[in-house]
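All remarks here apply to the structure that follows.
Rule-based calculations on the coordinates, nothing more; no lab input. Note that the coordinates shown come from a computational prediction; the quantities given were computed from them, not determined experimentally. Ideal geometry is used to build each Cβ from the backbone, glycine not excepted, and the neighbour counts take in all protein chains shown.
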């Protein structure tokens, strides 16, 4: 908030107060007969304006200040009366907004924000009703002759007299309803709130309670004829009216005291705290023990806690409501704070700014821890995948080639005994069966060996190996390979990814075509295996997880795009020196 | 004492030694082969029958082996240790609980030492490595009991 604007607002406040005081004291136009000019409300509104200015000065980012100030101005204007139709009309139209502003203030205090849908709906309804009922009241207020006591206005339509009473009744009912709703919401919020919100709302709730009781008492006392007592009680109402902006301003400024805590925080952070101590220090500075701190990992587009665990920040509703504030440094996102929504946004920003250097350091630490945890997890998975692969090979050997060779040995012994018996024909038949079993065993061993490590990959490189892979696949595969010989680990990883992705296409995708693209640029191999199948691959399944581990083990990046329609696309980017 | 599980084709043999008993040299062994590899079953049947044994049936897993024993009442069950459902040791234990249990001979392509103590503790009569299988080896084991 620029000082010039603040000074301008202060001058405007003084001017309006003086004009209103003069108007009320000496204007005397259309005052109902027998009414004494009363400067009390003028001074009460001056208090509102002053409190609004104070709140704006100290808490420039909070909407409560402007609301208090506006309410002071609007109510001050509504106190004046004019002979000319134009100012009189303006005053009448502006006056209708006093009640919606009160509602807005109660509902938005102390954060200045409307956070729930019912809150926004109530405030919008209040402003909407004022915008409609204000002009409608003027239109229907009847002619000057019908209503000599009515102030002149530009919207008056002759002949609509009488309807004004109905509009006025509707307006009165709506005022009671929206005020009651605002107070009920505030009390409910106070009952649920903890920490800063509860501390700020307490006095507001007390004042609202006394104010309501006073209003009811005044009405009841007037009804039973105790007019003097009623006037006396009404004076209490006047005091309450003055007290309200003070309570709002004090409630708002109390968080100002916490700025001392920001200074303490800066000192604490000088000791270079780790992530847990950092969170505790921030929680102390905000006066909110429930504060959570999530560090942003820009490469992985996710948050982690200080010890590297995944962190999903979500604003909570209900009894333990929370708000999210993103902490940035030089336009770069560092972390997110999950905190009590009642804490002033400016204070959160101040704490975030004070802690941003320490948060940047702690984030690096958290990123390292997260990376280490991921490396450990992937190392375990790679070892497990290796063990599983060895078990599979043992089973394949045992169930396949070994069984066939055992059968062959039995067959040879059988043939031998037949030959010894002189039964040449039977021996020949058995040898024929044995030969077929040997052929099967050889083919099985060949396939198994190729699955472990295809010799063509070692001898001729990735291109010919992928051609052979595509040639064996039952689905037509288009190849586009633009790569010479690459380091063995890179070739093996690319081949493994392509082979596994191809196997998945054959098994799951129900694709009619697939393609494999390999391209080398700027020291990075890009491998893409895409199909036109049904998509919806299980990205977190063991197979694709294993591919990711394998690619990341050679410092590569792995991605699977598998929408519900449009096929699956497996991509790997592997640095190749 | 007549034992039906010695096989149907010896019921009529009676001489001065009285009715034949199980494992009597005059009695042909009746064998059920239990193995999940069809190729092995095929060649094993050929080899055993060439030696004069009677292969009365084949089964491919533990459950069908139990059913086949109940239906065919073989004298000997040649039982693969590694089956798709139960393992051979469990099948052997179930067979040993029958009122008139068949003689169970375990077999595997693995070395018997790979099974450690389980083989010694097993209710089976013995173990023949698959590549050592012959009618004579099976008869020797059965007779040794």
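Laid out as a table, the results:
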{"read-out": "Contour excess over end-to-end distance, with Cα ends at residue A:374 and residue A:83 and 0.36 nm allotted per residue", "value": "96.9 nm"}
{"read-out": "Those residues of the range A:267-306 whose amide nitrogen sits under 17 Å from the label point placed on residue A:324, 7 Å along Cα→Cβ", "value": "A:291-306"}
{"read-out": "Cα shape, the protein assembly as shown, gyration tensor, a/c 1.5 rule", "value": "prolate"}
{"read-out": "Whole-number D in µm² s⁻¹ for the range B:27-143, Kirkwood Cα-pair radius fed into Stokes-Einstein, 4 °C, 1.567 mPa s", "value": "94"}
{"read-out": "Projected label distance in nm at residue B:132 and residue A:510, using a 7 Å step from Cα toward the beta-carbon", "value": "5.3"}
{"read-out": "Theoretical ellipticity at 222 nm over the protein assembly as shown - DSSP helices of four or more residues, -39500 (n - 2.57) apiece, nearest 500", "value": "-19000 deg cm²/dmol"}
{"read-out": "Prolate/oblate/rounded label for the range A:512-577 (Cα gyration tensor, a/c 1.5)", "value": "oblate"}
{"read-out": "Gain in span if fully extended, residue A:250 to residue A:216, counting 0.36 nm per residue against the direct Cα distance", "value": "9.5 nm"}
{"read-out": "In degrees, nearest ten, helix A:275-286 long axis to first principal axis of chain A (Cα)", "value": "10"}
{"read-out": "Beta bridges per DSSP with both ends in the range B:27-143, % antiparallel, nearest 5", "value": "5"}
{"read-out": "Theoretical FRET efficiency, 1/(1+(r/R0)^6), r = Cβ-Cβ of residue B:85 and residue A:425, R0 56 Å, to 0.05", "value": "0.90"}
{"read-out": "Chain A: relative contact order as a whole-number percent, Cα under 8 Å and 6+ apart", "value": "8"}
{"read-out": "Tensor-based shape of the range A:429-539 (alpha-carbon gyration tensor, a/c under 1.5 rounded, otherwise prolate or oblate)", "value": "oblate"}
{"read-out": "Per-residue Cβ neighbour rank within 10 angstrom, fewest leading, A:109, A:26, B:115", "value": "A:26, B:115, A:109"}
{"read-out": "Within the protein assembly as shown, percent of DSSP bridges classed antiparallel, to nearest 5", "value": "60"}
{"read-out": "Using alpha-carbon coordinates, inclination of helix A:40-58 to the longest axis of chain A, degrees", "value": "30"}
{"read-out": "Nearest 10 degrees, 0 to 90: helix A:542-553 Cα axis against chain A principal axis", "value": "90"}
{"read-out": "Linear extension gain, residue A:234 paired with residue A:18, 0.36 nm per residue minus alpha-carbon span", "value": "75.3 nm"}
